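The values are calculated or read from the model by the stated rules, or taken from the named source; none is laboratory data. Since this is a predicted model, take the numbers as computed values, not measurements. Neighbour counts run over all protein chains shown; Cβ positions are idealised from the backbone, glycine included. To get the accessible areas, we keep the full protein, side chains included, count just its heavy atoms, and leave off ligands, DNA and RNA. Shrake-Rupley method; radii C 1.70, N 1.55, O 1.52, S 1.80 Å.
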Amino acid sequence: MKKVFFDHISTTPLHPDVLDALLPFFVGQYGNPSSHIHEQGQLALRAIEGAREKVAGLIHATPEEVVFTSGATESNNLAVKGVAGAMKKKGMHIIVSEVEHFSVLNALIPLINEGYEITYLPVDRHGLIDPEELRQSVRDDTILISVMHANSEIGTIMPVLEVGAVAREKDVYFHCDATASAGHIPVDVERMGADLLTLSAHNFYGPKGAGALFVRKGTRIAPLQEGGFQEGGLRAGTENVTGIVGFGKAAEIAMDEMEEDALRLRDLEQQLREGLKNRISHIHFTGHEVSRLPGHVSFWIEFAEGESLLIYLNINGVMAASGSACSSNLKAQDEEDLVASHVLKAIGVPSDICTGSITFSMGKWNRPDEVDYVLEIMPGIVQRLWEISPSYSDYLKSGGVRR
Amino acid sequence: MSIGPYSEKVMDHFMNPRNVGEIDDASGVGEVGNPACGDMMRLFIKVEDNVVTDAKFMTFGCGAAIASSSMLTEIIKGKTVDEVLTITNENVAEALDGLPPAKIHCSVMAEEAVKAAIEDYRKKAV
């Protein structure tokens, strides 16, 4: 059976060149970079600093401004809690968009309990915030604006240049979660006016467990954990040398191949979107039509539930993602955790429909024949679910009127 | 084939749901929904001489919701109305070799659907 991986937004396969680059640091070159008096330690330290230069190059930062972490979740936590901790005397007001990742939104919960006030910026039906509304939301006690670069669920790319301009105008720190965008579209911390920016290696063909937080020189931020003085004192603990070396290599490759990849992915995206539109009725695409990640197609289908669609796709060899609570929270411990996607609710999709959301995210090695295969199997899967759906039955009986 | 936290039996009832459809002259119809995830289950029963002789369902929902509906129809066919009323969501979940904690509500929906269908039958029978 054909196997098609269309879930690159959750993770990407490791680039073979990344594997070649990092393998020597598991065996042979296994030194601890903090023990840099001896040869092994020096090798590890040099490798880390080389990777730091490459990651900095990907986002137009200086190497000293790159703090390696365990991934995007830690970077987002460090940015939000770290700034809050260091800036408490200036103010206790933070502004975020409603569609941020949970590693931003949930990092705010302990801060709220401490007395911080949060403004959640709404988004329009495409998932975009209004920069003017952001400007109006900034107060004298605002210390941080956190707005993501691109949304993983609906693919929308936020107007980050405008966000950065507002932050600079109002003299407020701007944190941008670029997990979904870095390595796929240009990220320039200078143009964006970002003071902090989150990156994750496995989202662009690097290893899992390696992330970074860009911290602009001079930004006041407190560490989250106590320990040694690694990463400029902002992230204690022995560095994940293999992960960091792989991260650096992935950044280097992305700089070389990003533009070409994006062009190819735009073609695949168009092929998939048009094909779905022509083959499946009652389909509703989500996110912005133009300002969106290359290779990202997200939609919901009336009368067809997301997890059921995903299971049938998987049985047919196609791996995709859903914004559906019922599929994304299978490990949830109780029904309380089964809430509709906050992103889909924010763009105005009714909560009982949110469960039908599907995200196809294509990557470097996907091909047009894989899109053809998905287009071939999708109508049958949808039809099968419609045939069992009471609301579709009502719809047919009523001659096309929804209940 | 089991998928993730779903048992082989859940997958079997999801992939090959038993008793899908509607009963035109149903003795009772029960419809329940779960606003949290948008699932909806509609159960049709045919009752003759106080025995459920036929049961069919239509369900919008996840794998567990469809499997619970399918299993429920298998369980209730041939049982008396009183026996059917003693069926709990645990019975449905156990018959499916268990459901993930977050999906227990699907079996609850099945229990509620059958109770609603019996209530409808009794109302019509009066």
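Some points to look at:
- If R0 is taken as 60 Å, the Cβ-Cβ distance between A:Asp188 and B:Lys115 corresponds to a FRET efficiency of 0.50.
- 3J(HN,Hα) along region A:301-306, derived from phi through the Karplus expression 6.51 cos²θ - 1.76 cosθ + 1.60 where θ = phi - 60°, amounts to 10, 4, 6, 10, 7, x Hz, with x in place of Gly and Pro.
- Every helix of 4 or more DSSP H residues in chain A counts as -39500 (n - 2.57), and over all residues that averages to -12500 deg cm²/dmol at 222 nm.
- Accessible surface of the protein assembly as shown, 1.4 Å probe: 51 percent of it comes from carbon and sulfur atoms.
- From most to least packed by mean Cβ count within 10 Å, the peptides A:112-123, A:41-52 give A:41-52, A:112-123.
- Cross-linked pairs A:Lys249/A:Lys364; A:Lys81/A:Lys217; A:Lys3/A:Lys397; A:Lys2/A:Lys345; A:Lys81/A:Lys170: Cα-Cα separations exceed 27 Å for A:Lys3/A:Lys397; A:Lys2/A:Lys345.
- Within the same chain, lysines fewer than 8 places from B:Lys123 are excluded, and of the rest, those with a Cα less than 24 Å from its Cα are B:Lys46, B:Lys56, B:Lys77, B:Lys79, B:Lys115.
- Lys/Arg +1, Asp/Glu -1 at C-beta; region A:18-99 dipole; positive extreme among A:Val80, A:Leu22, A:Ile48: A:Val80
- Candidates B:Val92, B:Ile76, B:Phe60 compared by Cα position along the dipole of chain B: farthest toward the positive end lies B:Phe60, with charges placed on Cβ.
- The GluC sites (Glu not before Pro) of region A:258-297 meeting both criteria, a DSSP state outside H, G, I, E and B (loop) and at most 16 other C-beta atoms within 10 angstrom of the site's C-beta, are A:Glu289.
- Expressed to the nearest 5 percent, the antiparallel share of DSSP beta bridges inside region A:144-275 is 45 percent.
- Interface size, chains B and A: roughly 2500 Å² of accessible area buried, both sides included, 1.4 Å probe, rounded to the nearest 100.
- Computed per residue of chain B from DSSP H runs no shorter than four, each worth -39500 (n - 2.57), the mean residue ellipticity at 222 nm is -13500 deg cm²/dmol.
- Residue mean of other protein chain beta carbons inside 10 Å, A:309-321: 2
- Amide hydrogen neighbours beyond the local backbone of A:Thr69, cut-off 5 Å, H modeled: A:Gly211, A:Ala212, A:Leu213
- Taken about its Cα centre, chain A carries a charge dipole of roughly 120 debye when the Cβ of each Lys and Arg holds +1 and the Cβ of each Asp and Glu holds -1.
- For the protein assembly as shown, the solvent-accessible area with a 1.4 angstrom probe is 41 square angstrom per residue.
- A Cα-only calculation for the protein assembly as shown places Rg and Dmax at 26.2, 91 Å.
- Using a Gaussian network model of chain A in which every pair of alpha carbons under 10 angstrom is joined by a spring, one finds that among A:Leu19, A:Leu199, A:Leu385 the greatest mean-square fluctuation is at A:Leu385.
- Once you divide the Cα radius of gyration of region A:281-323 by 2.2 N^0.38 Å, the number left is 1.26.
- Candidates A:Pro33, A:Pro223, A:Pro390: whichever shows maximal mean-square fluctuation once chain A is modelled as a Gaussian network with Cα springs under 10 Å: A:Pro390
- Computed label-point distance, nm, for sites B:Thr86 and A:His38 using a 7 Å Cα→Cβ extension: 7.4 nm
- Translational diffusion of region A:149-241 was estimated from the Stokes-Einstein equation, with Rh taken as the Kirkwood radius over Cα pairs; at 4 °C and 1.567 mPa s the coefficient is 89 µm²/s.
- Of the chymotrypsin sites (Phe, Trp or Tyr not before Pro) found in region A:174-257, those that fall in a DSSP loop while having at most 11 other beta-carbon atoms within 10 Å are A:Phe229.
- Rounded to 5, percent antiparallel among DSSP beta bridges of the protein assembly as shown: 65 percent
- Two-site FRET efficiency, A:Asp372 against A:Asn106, from Cβ-Cβ distance with R₀ of 45 Å, rounded to 0.05: 0.70
- Approximate spin-label separation B:Val20-A:Lys170, in nm, with each point projected 7 Å along Cα-to-Cβ: 5.2 nm
- Distant-in-sequence amide H partners of A:His296 (H built 1.01 Å from N, under 5 Å): A:Met362
- J(HN,Hα) series, region B:101-117, from Karplus relation 6.51 cos²θ - 1.76 cosθ + 1.60, nearest Hz, glycine and proline x: x, 6, 10, 4, 4, 5, 6, 5, 4, 5, 4, 5, 5, 5, 5, 5, 5
- Each Lys or Arg adds one and each Asp or Glu takes one away; over the other residues whose Cβ falls under 14 Å from the Cβ of A:Cys176, this sums to -4.
- Cβ-Cβ distance of B:Val126 and A:Ser291, R₀ of 56 Å, FRET efficiency by 1/(1 + (r/R0)^6): the value works out to about 0.40.
- For region A:81-223, share of DSSP beta bridges that run antiparallel, in % to the nearest 5: 25 percent
- Summing charges over all other residues whose Cβ lies under 14 Å from the Cβ of A:Ala194, with Lys and Arg as +1 and Asp and Glu as -1, gives -2.
- Environment charge of A:Thr62, counting only residues whose C-beta is closer than 14 Å and scoring Lys/Arg +1, Asp/Glu -1: -3
- Per DSSP, loop trypsin sites (Lys or Arg not before Pro) in region A:147-221 with at most 16 further Cβ within 10 Å: A:Lys208, A:Lys217, A:Arg220
- Sequentially through region B:37-42, phi angles give Karplus couplings (6.51, -1.76, 1.60; θ = phi - 60°) of 10, x, 5, 9, 10, 10 Hz, Gly and Pro residues having no value and appearing as x.
- Working from label points 7 Å from Cα in the Cα-to-Cβ sense, the A:His282 to A:Asp140 distance is 5.6 nm.
- Span from the region B:36-82 Cα centroid across to the region A:120-183 one, whole angstrom: 48 Å
- Averaged over B:99-111, number of beta-carbon atoms from partner chains that fall within 10 Å: 3
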